[in-house]
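A.B. asks: Okay, handing you the structure first.
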Amino acid sequence: MATTAGLTKHTKLLWDRIGEVRGFAPQEQLAMLLLTVSKDKPSLKFVKKRVGTHIRAKRKHKELRDVLAARKD
C-alpha cells in the first residue's frame, strides 16, 4: 500500500483513472444520494458502517462530496 509519504503521482493517476472507468459502488451511490438531499450526518454514518472506521469514513465522505461538487460545476 502507500508509504507514510503518501501516494506517488503515478499511483494517484492510476487510482483516479480506475475510478473513472469503474464508476461507483451501490453503497457509494446511496451515500451520494443522501448528500444530494442534505443528509450529511446520515450519509457519514452509513459510510462508516460500510468501511469500518471513522477515519476511512471521513475520507470516503469527503471524496464523494468532492465528486458531487465537481458534477455541479
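The values are calculated or read from the model by the stated rules, or taken from the named source; none is laboratory data. Since this is a predicted model, take the numbers as computed values, not measurements. Because the Cβ atoms are built from the backbone with ideal geometry, glycine has one as well, and the counts that use them run over all protein chains shown.
A.B. asks: Select from region 62-73 the residues that are in a helix (DSSP H, G or I) and more than 23 Å from residue 6 (Cα to Cα) and list them in ascending order. Walk me through how you get there before you give the answer.
C.D. replies: So in region 62-73, the residues in a helix (DSSP H, G or I) come out as 62-72.
Of everything in region 62-73, those that are in a helix (DSSP H, G or I) and more than 23 Å from residue 6 (Cα to Cα) turn out to be 68, 69, 70, 71, 72.
A.B. asks: Right, another one. Could you count how many residues in region 26-53 are under 17 Å from residue 71 (Cβ atoms) and not in a helix (DSSP H, G or I)?
C.D. replies: 2
A.B. asks: Right, another one. Within region 26-61, take every residue that is of a type in the set (D, E, K, R) and exposed (fewer than 11 other Cβ atoms within 10 Å of the Cβ) and give me the one that is nearest to residue 6 (Cα to Cα).
C.D. replies: Of all residues in region 26-61, those of a type in the set (D, E, K, R) come to 28, 39-41, 45, 48-50, 56, 58-60.
When the remaining residues are screened for being exposed (fewer than 11 other Cβ atoms within 10 Å of the Cβ), the result is 41, 49.
On the way: 41: 28, 49: 25 Å.
Restricting to residues being of a type in the set (D, E, K, R) and exposed (fewer than 11 other Cβ atoms within 10 Å of the Cβ), the top hit is 49.
A.B. asks: Out of all the residues in region 15-54, which are free of Cβ contacts under 8 Å to residues at least 24 places away in the same chain, out of contact with any Lys or Arg (no Cβ under 9 Å at 6 or more places or on another chain) and among the β-branched types (Val, Ile, Thr)?
C.D. replies: Answer for region 15-54, where residues must be free of Cβ contacts under 8 Å to residues at least 24 places away in the same chain, out of contact with any Lys or Arg (no Cβ under 9 Å at 6 or more places or on another chain) and among the β-branched types (Val, Ile, Thr): 18, 21, 37, 53.
A.B. asks: Of all residues being within 12 Å of the chain's Cα centre (by Cα) and charged (D, E, K, R) in region 24-48, which is modelled with the lowest pLDDT? Just the residue, please.
C.D. replies: The selected residue is 28.
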